[in-house]
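The block underneath contains the structure these notes are about, expressed in structure tokens.
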Amino acid sequence: MASIVERKANGEVIYGPHKTLDVPNIDLVTLLFESETCRVPADTIMHADAAEPSYNLTKGSLLRLSKKAAHVFRHQYGVGANGPDKDVVFNISTGHFMIPIMFYAAIIAGGIFSSTSPAATPDELAYQLRQTDAKVVVCTPDVKDTALAAAEKVGLAPRNVLIYGGTKDLELREAASGAIVPISNQELDWQRITDPVKLENSVVCLLFSSGTTGLPKAMRLSHRNSVAACTLVVAPAKQYKEKTKPLGHKCQYINLAHLPAAHIAGVQSYLVNNVYLGGCCYWMQRFDFPKFCEYAKKYKVTTMFTVPPIYLLIANSPSVKDHFDTWDDAVSGAAPMGQDLQRAASRKLGKGVSPLRQTWGLSETTGSITVVPTELAHIVPAGSVGSLIPSCYARLVDDNEKDVEPGEPGEIWVKGPVVTKGYWKNEKANADAFIDGWFRTGDIAIFKDGFFFIVDRKKELIKYKGNQVAPAELEAVLLSHPKILDAAVIGVPGEGTEVPRAYVVTNQKELSGKEIVEWFSKQGLSKFKNLRGGVVFLNAIPKSPAGKILRKNLRDLAKKETPTARI
């Protein structure tokens, strides 16, 4: 099930999937709540509060309350009143089991769901509200002040900023006054869509992404994109799991929501996939590693997508024993993971017999566009992000936009039904991001023995005397050191060029930067990859809520510091 290589007469080298699959011409809500594909009893619990699981939503109540909230959005706030794909319902919240209601209610009302990190400042949120021209903001009480301050900056009426209530049933209050928003028993039905063109262009969600360059931009996620992700990524894994289950065994799909709902992983994994699979998602208010371990064991979590920093905690924590024994499908994404970490984390998952798989994708690809297939997890080399999902294609190109030979690094360009149609009301960004229908991801990869390996982000590559140095490769080596808990690498000025500098978190105060530099130089890498910029010790590596290293923060820090070791 490796990707297939086809060389075109014009010099293009096209990487294709091992097979194609038809994506049904159906809207997301109809797929999840009316199709035979997703048929489970209405009393199946879909979402629950991890701290208080009696606060929950069954499949039946999720749809019923979403339709009631949609009626409120339409008739009290005008969402969708002037036609579909215009009005945005914006969510800013910590983890809450009723976020899915806001997601589906926005879509049913004919609007669009958008979300941002609860760590956003009022200015950052105001920027996003302006970009989307949001009509309603929904928030949790702990970020109410941020939401109200941002709304004031953009001229959004205080009555249009709502907070989740504290009850088991649907309750919304005006954030400023505390007044309860009247919610009747009236429900709004949704528009069924079967026209392929409308499905491609009807937006269900706007997620903010930096793309390959510039300020965050609102990325359009369509019905077609989300349905394709279910069909091309989730369905094959489900079919394999059902086919290989022991006789008499009932497959369980239990997940733990711990990443932000503003992240594509949060949208697809928590809001969409668990409904598609017919499983339950337990919501943490915010990530806390001891609680994460506790809930994983308590609720017998089976299915997990998370990011390398969390797998690093799992691998290194002596307190992790049998907490993750029930995991039968563990996937890592959002950033590259080194081979040593992948192997170390795998030993603590599923009693050590369920290998950790890697995937690769972006918000702009609705999440995964390459994945290690479940059935090949034991044989695909560690460090690989697998092969292309069905019906999707890729190219690897150099700085001159010429296709590189297989085995050489190049920027990945992709196309397929999971790829966004572009950014919201931003034609310049669209022109920069697409070339002849190919989306430029900004990620660098190599293709070897039928599988892809991510090297790094194009804009993060270090150029040392003309040689490309990938920070992710160096970070993977650093993390193999038994005394280094976390690491990040950036390029800094030196020797008339850029040189690699390491930032590390250690568990040994006596470990010196010089020792790390000397040890690193003996790990079998090319000499031009040595840590000529030295080593700096930190208490923690700065990262986004989704686990991505905040290299800009490190570059700002580099302007002020003196590293502890240089060569």
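Would you mind stating whether F537 is aromatic (F, W, Y), outside the structural domain of L341 (by TED's automatic domain parsing) and at pLDDT below 90?
No: the conditions fail for F537.
Being in contact with a Pro (Cβ under 6 Å, 6 or more places away or on another chain) and aliphatic (A, V, I, L, M) is the filter here; which residues of the range 380-425 pass it?
Passing the criteria: only L388.
Just give me the residues in the range 465-486 being of a type in the set (A, V, I, L, M, F, W, C), within 25 Å of the chain's Cα centre (by Cα) and farther than 14 Å from G533 by Cα, in sequence order.
Passing the criteria: A470, A472, A476, V477, L478, L479, L485.
Could you tell me whether the range 401-410 includes any residue that is farther than 24 Å from P308 by Cα and free of Cβ contacts under 8 Å to residues at least 40 places away in the same chain?
Yes - at least one qualifying residue is present in the range 401-410.
Is it the case that Y276 is under 24 Å from F33 (Cβ atoms), assigned to a helix (DSSP H, G or I) and either free of Cβ contacts under 8 Å to residues at least 24 places away in the same chain or not β-branched (V, I, T) (or both)?
Spelling it out, Y276 is indeed under 24 Å from F33 (Cβ atoms), assigned to a helix (DSSP H, G or I) and either free of Cβ contacts under 8 Å to residues at least 24 places away in the same chain or not β-branched (V, I, T) (or both).
May I ask you to list the residues in the range 1-48 that are closer than 25 Å to I108 by Cα, outside any loop (DSSP other than H, G, I, E, B) and touching a His at 6+ places or on another chain (Cβ under 8 Å)?
L28
Among E510, E515, E561, which is modelled with pLDDT of 85 or more and farther than 17 Å from A476 by Cα?
Unique residue meeting the criteria: E515.
Out of L511, L478, report the one residue that is in contact with a Phe, Trp or Tyr (Cβ under 8 Å, 6 or more places away or on another chain) and free of Cβ contacts under 8 Å to residues at least 60 places away in the same chain.
That would be L478, the only listed residue that is in contact with a Phe, Trp or Tyr (Cβ under 8 Å, 6 or more places away or on another chain) and free of Cβ contacts under 8 Å to residues at least 60 places away in the same chain.
Tell me which residues, restricted to the range 279-313, are modelled with pLDDT of 95 or more and assigned to a helix (DSSP H, G or I).
Result: F289, P290, K291, F292, C293, E294, Y295, A296, K297, K298.
Looking at (1) at pLDDT below 95; (2) assigned to a helix (DSSP H, G or I); (3) within 17 Å of V301 (Cβ to Cβ), can you tell me which one Q252 breaks?
All conditions are met except number (2).
Does Y311 meet the test of being buried (at least 23 other Cβ atoms within 10 Å of the Cβ) and within 25 Å of R457 (Cβ to Cβ)?
yes
Kindly indicate the residue of the range 428-475 that is modelled with pLDDT of 85 or more and aromatic (F, W, Y) and also surrounded by the most Cβ atoms within 10 Å (Cβ to Cβ) among those meeting that condition.
F452
With the condition kept exactly as written, say whether any residue in the range 482-504 is under 23 Å from P308 (Cβ atoms), surrounded by fewer than 16 Cβ atoms within 10 Å (Cβ to Cβ) and of a type in the set (S, T, N, Q).
No: the range 482-504 contains no residue that is under 23 Å from P308 (Cβ atoms), surrounded by fewer than 16 Cβ atoms within 10 Å (Cβ to Cβ) and of a type in the set (S, T, N, Q).
The values are calculated or read from the model by the stated rules, or taken from the named source; none is laboratory data. The structure displayed is predicted, hence computed values, not measured ones. FYI the Cβ positions are ideal-geometry reconstructions off the backbone, even for glycines, and counts take in every protein chain you see.
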